[in-house]
Amino acid sequence: MEEELKQLANHIVEKISKEVKKESKNNFYKLGKTVGIGADGSPTSYIDQVAEDVAIKLLEKSEVKVNLLSEEKGFVDFGGTYVFVLDPVDGTRNAYRGIPFYSVSLAIGTSKISDIEYGIVKNIPTGDVFTAEKHQGAFLNNARVRVCEMPFTEMLSSISLGKVYTPRAGVLSKKGNVRSYGSASLEMCLVAISALDYYFVGRDILRVVDIAAATLIVREAGGFVKTITGDDLDMEFDLIGRTSVLAGCSETLLKDLLPKA
């Protein structure tokens, strides 16, 4: 991966984080206000628009040409070969409700998750930065991280429940200790550092912008990311596709967690 692309990606992530923190301090009451409709048809919140505008302005001025796939604007062609797959604020509801668990997520690839070469997820409230480069490992604040070699006896997981509840989620929620944090990219990164044994979303609801960077981070940390059917997760760079996710430290664990045929 070209160093200038990584530098540009990190610069965008840092600028978004800085702007979001400023808005959270000065205009908290406005963060959740709907200001439009995104490219995928979902409402655009004020904080999402603020964050995405930072990225677009920087890419418009950049001498490094790279295209953008983002939650609100969709695909923007800047004449590049690579694509920045961006979720400007992953965990928007957490952000505007005052829950300090939301991120900016950015991955660099050409057409699909399996060809992503670099990924960054930054926890905006805490400042923690997760990164990974293909075949180079995964890192938290520049320190190498690995998934646990085996799950803890009393497993700790994050399972998507509520309106996206599935029967399998109900079964798994009765085993071990369960959390649900509301930011897919950060929850997957918690798997990468062994804070969670696994992360489970049983319905096809997640978009590539939500999980592109975090998927690389989990895999480079030695973990596995699959769909509810047991296939290795892969997605094209568009806002049409939706997927389920099961991320964990071992294939054996994931096989045990998947619905039985």
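The values are calculated or read from the model by the stated rules, or taken from the named source; none is laboratory data. On a predicted model such as this, the values are computed, not experimentally measured, just so you know. Glycine gets a Cβ as well: all are built from the backbone with ideal geometry, and neighbour counts include every protein chain shown.
Within the stretch 63-81, is there a residue that is hydroxyl-bearing (Ser, Thr, Tyr), within 28 Å of Phe139 (Cβ to Cβ), surrounded by fewer than 16 Cβ atoms within 10 Å (Cβ to Cβ) and over 17 Å from the mean Cα position of the chain (by Cα)? Yes, the stretch 63-81 has at least one match. Within the stretch 39-66, the set of residues being touching a residue at least 40 places away in the same chain (Cβ under 8 Å), part of a loop (DSSP other than H, G, I, E, B) and not aliphatic (A, V, I, L, M) comprises Asp40, Ser62. Mind listing whichever residues of the stretch 186-204 are more than 22 Å from Pro167 (Cα to Cα) and not hydrophobic (A, V, I, L, M, F, W, C)? Ser194 - this is the single residue of the stretch 186-204 that is more than 22 Å from Pro167 (Cα to Cα) and not hydrophobic (A, V, I, L, M, F, W, C).
Filtered by the rule that a residue be surrounded by fewer than 16 Cβ atoms within 10 Å (Cβ to Cβ) and either part of a helix (DSSP H, G or I) or not assigned by TED's automatic domain parsing to the domain that holds Val54 (or both), the stretch 15-36 gives Lys18, Lys21, Lys22, Lys25, Asn26, Phe28, Tyr29, Lys30. What do you reckon, is Leu69 part of a helix (DSSP H, G or I), under 27 Å from His135 (Cβ atoms) and not assigned by TED's automatic domain parsing to the domain that holds Gly241? No: the conditions fail for Leu69.
Of the numbered criteria (1) at pLDDT 85 or above; (2) surrounded by 14 or more Cβ atoms within 10 Å (Cβ to Cβ); (3) β-branched (Val, Ile, Thr), the one Thr126 fails is (2).
Listed here are the residues, each with its yes/no results for (1) among the β-branched types (Val, Ile, Thr); (2) touching a Ser or Thr at 6+ places or on another chain (Cβ under 9 Å); (3) on the phi > 0 side of the Ramachandran plot.
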| site | (1), (2), (3) |
| --- | --- |
| Ala195 | no, no, no |
| Phe237 | no, yes, no |
| Val245 | yes, yes, no |
| Leu253 | no, no, no |
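The single condition from (1) touching a residue at least 40 places away in the same chain (Cβ under 8 Å); (2) in the same structural domain as Glu52 (by TED's automatic domain parsing) that Asn141 fails is (1).
Asn94 meets all of the listed conditions (1) surrounded by 17 or more Cβ atoms within 10 Å (Cβ to Cβ); (2) in a strand (DSSP E or B) but one, namely (2). Only residues that are surrounded by 14 or more Cβ atoms within 10 Å (Cβ to Cβ) and free of Cβ contacts under 8 Å to residues at least 24 places away in the same chain were counted across the stretch 149-164, and they come to 1.
Taking first residues from the stretch 236-259 that are of a type outside the set (Val, Ile, Thr) and surrounded by fewer than 20 Cβ atoms within 10 Å (Cβ to Cβ) and partners that are at pLDDT 95 or above and not in a strand (DSSP E or B), the Cβ contacts under 6 Å between residues at least 6 apart in sequence or on separate chains come to Gly241/Met235.
All of Ile205, Ile240, Ile228, Ile211 fail the test of being among the β-branched types (Val, Ile, Thr) and either part of a helix (DSSP H, G or I) or assigned by TED's automatic domain parsing to the domain that holds Ile37 (or both), apart from Ile211.
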